[in-house]
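Structure record follows, encoded as structure tokens.
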Amino acid sequence: MKTVLIELLAFVLICVFGTTAGGFIIMIYHCVTSFVAGAEMTLFDAQLFINGAIVFFPILLLFTPMFLFLSLVRHPRYNKITGVLTIAVLSLAAWLFVAPVSYKIAKEQSVALTERPSELTAGYFRKIDKRLYYFTFVSGNYVKGLRIKDDYFKTNNTSQSVTALDGNYINFKRDALGFSDPIIGETLTPPPVLLGFINGILFIQQKAAAASESGVIPWLLFSSLMLALVTIGAIISASEWKLADAFYITFDTFAIITLNCLYYLGYFDSFVSAIDDVGGFASAISQNFQCALNCAIIVALVLLGSVKAIIHAGKKRRRGA
């Protein structure tokens, strides 16, 4: 009972503080992406904070089992079986019943960066649509200043490489990461590995939101992802070294999420097509391959955990003898 209460408290604390931190991160991200060099910057917006917390909660749920399993590894006095079952029930319940509500509210609040970019300021060199600009006046989409060609520093006749702008119309857009000002976007673009991870998580969230809107069956099939994540608890004592157990838990969490993301990105399309060509039951598997993939992971984790448990039990008997 003590382990159940501790894991319940840990689950609540992770959800509350994790969602709060995520709300602040997303709020600051929105504020920074809307910031323009030379303008005043706003770092707090209550509405953006609330929207960010709503968006971040389902993302946090994907990693909550990993954090809780790591806490079990860290504290060997806790009952592992009771702890794993508690974590599985809490995580699945929150994912199945609360995550769809978050997706629905997020859609209604329209938290995506779809609003118009902030108005740029004059007096800065900016690269827009692969062209270098220097604005002396900006009013909405109408600007005055100079447009400089790429060969400006390579030619002797620089006058032909510069075009004067006098009330020209430019259709300003946010870049792929949502930045209004190219100067800020170029400075704060994350490294490729981190950017790939963020894009993968956001892609999974888009698919999850679409599944939650499609009905109970599609949502349950997609939720096999969370079932696979909580099944990692089967290998929580796979090693006699706590550090190795922590590595297995962390690696398996990211591996499961990555495999699901790769499926939706189309990396398994040829394999799925080959299965579909077999027909019969194989065709049903190909039509629900994401669920089948997660079920295969679940079976593998359960088998591995069972084998490891038998091996550990045998070692204990031999030591006792």
Go through segment 220-250 and give me each residue that's hydrophobic (A, V, I, L, M, F, W, C) and touching a Phe, Trp or Tyr at 6+ places or on another chain (Cβ under 7 Å).
Met226, Ile232, Ile235, Ile236, Ala238, Ile249
Might you check whether a residue that is at pLDDT below 85 and at positive phi occurs anywhere in segment 86-109?
no
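Let's see how each residue does on (1) over 20 Å from Arg74 (Cβ atoms); (2) in contact (Cβ under 8 Å) with a residue 12 or more places away in the chain; (3) surrounded by fewer than 16 Cβ atoms within 10 Å (Cβ to Cβ):
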position	(1), (2), (3)
Leu265	yes, yes, yes
Val272	yes, yes, no
Phe281	yes, no, yes
Leu301	yes, yes, no
Result of the Cβ filter at 9 Å on segment 118-130, keeping first residues that are over 9 Å from Ala37 (Cβ atoms) and partners that are open to solvent by less than 30 Å² (accessible area, probe 1.4 Å) and among the acidic types (Asp, Glu), at least 6 apart or interchain, is Ser118/Asp181
Of the numbered conditions (1) open to solvent by 30 Å² or more (accessible area, probe 1.4 Å); (2) touching a helix residue (DSSP H, G or I) at 6+ places or on another chain (Cβ under 9 Å); (3) at pLDDT 90 or above, Cys261 fails exactly one; give the number of that condition.
(1)
Conditions (1) closer than 29 Å to Phe97 by Cα; (2) crowded, with 19+ Cβ neighbours inside 10 Å -> Ser237 fails only (1)
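Quick test for you: out of Ala228, Ala208, Ala176, pick the one residue that is open to solvent by 80 Å² or more (accessible area, probe 1.4 Å) and within 30 Å of Tyr263 (Cα to Cα).
Ala176
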The listed residue being farther than 27 Å from Ile28 by Cβ, in contact (Cβ under 8 Å) with a residue 12 or more places away in the chain and aliphatic (A, V, I, L, M), out of Val84, Val89
Val84
Boolean, Asp277 is out of contact with any Pro (no Cβ under 9 Å at 6 or more places or on another chain), over 27 Å from Leu96 (Cα atoms) and acidic (Asp, Glu):
yes
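A quick yes/no check of all residues on (1) in contact with a Phe, Trp or Tyr (Cβ under 7 Å, 6 or more places away or on another chain); (2) open to solvent by 20 Å² or more (accessible area, probe 1.4 Å):
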| position | (1), (2) |
| --- | --- |
| Met27 | yes, no |
| Cys31 | no, no |
| Glu40 | no, yes |
| Ile54 | no, yes |
| Asn79 | no, yes |
| Val84 | no, yes |
| Leu92 | no, yes |
| Ile105 | no, yes |
| Glu119 | no, yes |
Go over the candidates Gly178, Gly145 one by one and state the one that is small (Gly, Ala, Ser) and farther than 30 Å from Leu60 by Cα.
Gly145
Unmet criterion (only one of (1) out of contact with any helix residue (DSSP H, G or I) (no Cβ under 9 Å at 6 or more places or on another chain); (2) closer than 25 Å to Ala292 by Cα; (3) surrounded by 14 or more Cβ atoms within 10 Å (Cβ to Cβ)) for Ile217
(3)
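The values are calculated or read from the model by the stated rules, or taken from the named source; none is laboratory data. Nothing here was measured: the structure is a model prediction, and the numbers come from that model. Heads up, the Cβs are rebuilt from the backbone with ideal geometry, glycines too, and the neighbour counts pull from every protein chain shown. Surface areas here come from the heavy atoms of the whole protein model, side chains and all, with no ligands, DNA or RNA. Shrake-Rupley method; radii C 1.70, N 1.55, O 1.52, S 1.80 Å.
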